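What follows is a single structure, written as structure tokens, with notes after it.
Just so you know, all these numbers are worked out from the coordinates, no wet-lab data involved. Treat the numbers as computed from the prediction; the structure is a model and nothing was measured. Reconstructed Cβ throughout: ideal geometry from the backbone, glycine too, with neighbour counts over all protein chains shown.
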Amino acid sequence: MPDLIDLRSDTVTRPTPAMRAAIAAAEVGDDIFGDDPTINRLQDVVADLLGKEAALFMPTGSMSNQTAIKTHTRPGDELICDANAHIVHYETGGPAALSGVMCRTIEAEGGLIELAQLEGVPRGLNDHNPHTTLLCLENTHNRGGGRIYPIERVEAIGAWARRQGLARHLDGARLMNAVVATGVPARRWADCFDTVSICFSKGLGAPVGSALAGPADFIKRARRNRKMLGGGLRQSGVLAAAALYALEHHVERLAEDHRHARLLAETAAQLPGLSLWPDVIETNILYLKLEPRFGNAADFVHRLKVMGVLALPTGPYTVRLVTHLDVSREKAETAAQVIADAARERAG
């Protein structure tokens, strides 16, 4: 759909010409034997970025999270996460199906758990309960509208989980958005967790890939679980080259996406029949809430498409918009005008 402005997700980006050149020039080997030099370099870069001993390339963020869960737990265990976590809504029941693990969910505003909500949640060890062994947080939060955990809250929750004897995993698919928006280094965020996953195929603009970072012995076990889940790749340096290019060239520019999301939000906030959620746009994701009299989300999204903008209905009356590498300032301004025209048209 080359003529449409695609705001459905930041996963829709196309490799830039320079990224394609990096892919074409990638030196490759067989990663199953551990001798793909580009994969090895990417894993070293990610481990250093996050302050961990080792990292492991993954085809997808879901595989990265599910490999982490499988490696941290045993069947019959329980993990704690928020009720709107990606691992609950978008990973096809993976904890239960792949690891035999229950999810104990907590309702949290914007997906951001408060420390007080965790007190008393881990179950004691007895023969009746699942064993609570893992805490998972998501930062930034997808269904939370791109919200960012305050770093002080993450540090307090991480320290609490350590005292409880819980393993700690961060779904950091969009962690670099949090880094750019707050100025807090990736290592400081990652220091609160035993393991961290990050994605290259969202705001960073690579076509494929994620990575899981953590202690060396954990990553060794995770490699086996990755293989079990079908994630062992061969000459995958062509994918790693795109991820390396993204880390080297596309991190600081995430600030542009945040500015473009705020531009859309400023327009939407003034339109009849629409409200904005969250009220303050922190990164590159925003949700529009439609008043029922205004019509349903599917019809509104269809009208936007006819007018040249793709958006994602996420409920009967909610629409998600995500800015990204392929959305220039000019395209953001055009999309804002299209949204305004469609809203006023419906408002009569």
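What's the ranking of 320-332, 103-115 by average number of surrounding C-beta atoms within 10 Å, highest first? Write down the numbers at each step before the final one.
Numbers: 320-332: 20.3, 103-115: 17.0.
By packing density, highest mean first, the sequence is 320-332, 103-115.
Across all directions, the shadow cast by the convex hull of the range 251-348 built on its C-alpha atoms averages 5.6 square nanometres. Label-to-label distance, E266 versus A83, with points set 7 angstrom from Cα along the beta-carbon direction: 3.5 nm.
Compactness ratio for the range 285-334: Cα radius of gyration over 2.2 N^0.38 Å (N = residue count) comes to 1.17.
May I ask you to derive the relative contact order of the range 171-302, considering only C-alpha pairs under 8 Å and at least 6 residues apart, and to give it as an integer percent? Numbers along the way, then the final one.
Numbers: 140 pairs, mean separation 27.5, N = 132.
So the answer I get is 21 percent.
Measuring max minus min along each principal axis, the C-alpha atoms of the range 89-168 give extents of 38, 31, 18 Å (largest first). Pairwise Cα separations in the range 190-341 fall into 10 Å bins from 0 onward with the following percentages, short to long: 10, 31, 26, 21, 11, 1.
The Kirkwood radius of the range 178-266, taken over pairs of alpha-carbon atoms, gives through the Stokes-Einstein law at 20 °C and 1.002 mPa s a diffusion coefficient of 143 µm² s⁻¹. A helix-only calculation puts the chain at -12500 deg cm²/dmol for mean residue ellipticity at 222 nm, using -39500 (n - 2.57) for each DSSP H run of at least four residues, averaged over all residues. Relative to the 2.2 N^0.38 Å rule of thumb, the range 108-237 has a C-alpha radius of gyration ratio of 1.14. Sorted largest first, the principal axis extents computed over the alpha-carbon atoms of the range 19-105 equal 45, 25, 24 Å. Simple point charges give the picture: +1 on the Cβ of Lys and Arg, -1 on the Cβ of Asp and Glu, and for the range 22-127 a dipole about the Cα centre of about 240 debye.
Based on Cβ point charges of +1 for Lys and Arg and -1 for Asp and Glu, what charge dipole magnitude is obtained for the chain about its Cα centre, in debye rounded to the nearest 20?
Numbers: 38 positive and 41 negative charges, 92 e Å.
Dipole size: approximately 440 debye.
For the chain, averaging the sequence separation of C-alpha pairs within contact (under 8 Å, six or more residues apart) and dividing by the residue count gives a relative contact order of 24 percent.
Using a Förster distance of 25 angstrom, determine the FRET efficiency expected from the C-beta separation of R162 and V280, and round it to 0.05. All intermediate terms of the calculation are to be shown ahead of the outcome.
Numbers: r = 31 Å, r/R0 = 1.23.
Result of the calculation: an efficiency of 0.20.
Note on the range 196-248: semi-axes of the ellipsoid equivalent to its C-alpha gyration tensor, largest first and rounded to whole Å, are 21, 13, 9. Taking 4.7 Å between beta carbons as the limit, the unpaired Cys residues of the chain are C103, C192, C199.
Per residue, how big is the convex hull of the range 1-158 when only Cα atoms are used? Give it in Å³. Don't skip to the answer; put the middle values down first.
Working: hull volume 26.9 nm³, N = 158.
Expressed per residue, the convex hull around the Cα atoms of the range 1-158 is 171 Å³.
Summing +1 for each Lys or Arg and -1 for each Asp or Glu among the other residues whose beta-carbon sits under 10 angstrom from that of G273 gives +3. Take the Kirkwood radius over Cα pairs of the range 98-141, plug it into Stokes-Einstein at 37 °C and 0.692 mPa s, and you get 268 µm²/s for translational diffusion. Calculated on the alpha-carbon coordinates, the convex hull of the chain measures out at 132 cubic angstrom per residue. Taking every C-alpha pair closer than 8 Å and separated by at least 6 residues, the mean separation divided by the residue count of the range 62-157 gives a relative contact order of 33 percent.
Plainly put, the range 149-202 has a radius of gyration that is 0.98 times its Kirkwood radius, both from alpha-carbon atoms, as the Rg/Rh ratio. Relative to one another, the C-alpha centroids of the range 44-111 and the range 266-312 are positioned 30 Å apart. Global size of the range 171-210: 10.2, 29 Å for Rg and Dmax (C-alpha atoms, Rg to one decimal, Dmax whole).
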